[in-house]
Amino acid sequence: MLRRLHHILSQNPLTSRAQRSVVHWAKELLSVPDAYYSMGQLYRKIKPKAVLDIGSHVGRTVIKILDYMPDAKVHAFEPTPRSVAILRNRMRRYPNVMVHELALSDVTGTTKFFHNLGEQTNSLLENSLSGKSPFDGVQQHIAQIDVRTMTLDDWAAEFEPNGMLLIKADVQGAERLLVTGGKTTFAQRVAAFYTELCLLPTYENQTTLWELHTMLTEELGLALFDIYPCAKDQLGRAAFTDAMWVQPSVLPI
C-alpha cells in the first residue's frame, strides 16, 4: 500500500514535491542524510547535461531520480536482458529516459557477466570464495552471459560529449572498472558520483571504500561529500554502504 501511495504521489508534480519535502524533513529530524535530495539540490544548482543511472536493474532508482529531478535527461544502464526488458517497458512513459543495454567497464567490447539467482547481485565480478558474503543465499550463479561493455569515456564521447554529469552507480563491486574506464570524464565532467559499496567480502577483487576514495580524490580531484548509514547483515556486521563524491567547485550544495 505504501508503494502504491508513493507511486500515486510521485505522478503529480505538486504532491511529489510535497512528498520529497516531508521525507527530507523526517530524515533531517532523525539526522539521516538524504543522497537523492542532495543530488536534486545539486541538479537545480548547476543544471547538468544529464544524469547517469549505472546499474538500473528494473528501474526503481530511475524513478527515484525522476522524483527529485523530474525534468532531467536520464541515461539508464543495465546489461542483463531480462532486467533491461522490464526496464524498457517501465520507462516507456518517460521520454526523457534513454535505456542502454550495456555495462560500463574498463574496456569497450564484450565480456562475461555473472547472472545470479538474486538479480540484484548480478556482477561483472565472480562471487567471493571466502564464504562470508552477506548475500550467499542469493548469489548462486544461474548463468554466465556475454554482455556488451563500453568505457565511460568512450560512451560519453559518443552520447554526451559536452556538459556536466551526475552519476548514480550500483555495479556490485566493479566500481574500480567503472572509474578506470572513465578517468577523463570523472576528472573533467562528473559533478557528483553517488554509489553503493560492498564492505564485507562479496565478490572477488571487489573495490574497497578506501581504494575508491583514493582514486577519486587523489587521482581525479573529487571531494568526499558524505558516507551514508550502513546496511547490516543478520549478524550485525556492516555489509554495504553508499557514499558520494563531488567536484569541490560545486560546494556548498
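Values quoted throughout were computed directly from the atomic coordinates according to the rules given, and no laboratory measurement underlies them. Keep in mind the model is a prediction, meaning the values are calculated, not measured. Neighbour counts are summed over all protein chains in view; Cβ atoms, including those assigned to glycine, are modelled from backbone coordinates with ideal geometry.
For this structure, a couple of remarks:
- Ascending count of other beta-carbon atoms within 10 Å, so fewest first, for Y36, Y68: Y36, Y68
- Within a Gaussian network of the chain (alpha carbon springs, distance under 10 Å), most fluctuating of P48, P95, P229: P95
- Among V138, V97, V107: highest mean-square fluctuation, GNM of the chain, C-alpha pairs under 10 Å: V138
- Diffusion coefficient, µm² s⁻¹, Stokes-Einstein with Kirkwood Rh over alpha-carbon pairs of the chain at 25 °C and 0.890 mPa s: 131 µm²/s
- Under 25 Å of direct C-alpha separation, and excluding same-chain neighbours fewer than eight residues apart, K132 reaches these lysines: K112, K232.
- Mean separation of Cα contacts under 8 Å, 6 or more apart, over the residue count of the chain: relative contact order %: 17 percent
- Classification of the range 112-253 by its C-alpha gyration tensor yields an oblate form. The axis ratio a/c (a ≥ b ≥ c) is 1.5 or more, and b/c is at least a/b.
- Within the chain: Cβ-based charge dipole about Cα centre, in debye rounded to nearest 20 (Lys, Arg +1; Asp, Glu -1): 1120 debye
- Residue-averaged [θ]222 nm for the chain, counting only DSSP H segments that reach four residues, each worth -39500 (n - 2.57): -9500 deg cm²/dmol
- The range 67-89-the range 110-147 distance, computed between alpha-carbon centres (Å): 21 Å
- Placing unit charges on the Cβ atoms only, positive for Lys and Arg and negative for Asp and Glu, gives the range 29-136 a dipole magnitude near 480 debye about its Cα centre.
- Three-way shape label, the range 81-127, alpha-carbon gyration tensor, a/c 1.5: oblate
- Cross-link partners of K47 among lysines, defined as those whose alpha carbon lies under 30 angstrom from its own and excluding same-chain residues fewer than eight positions apart: K27, K64, K73, K168, K183.
- Cα shape, the range 199-239, gyration tensor, a/c 1.5 rule: oblate
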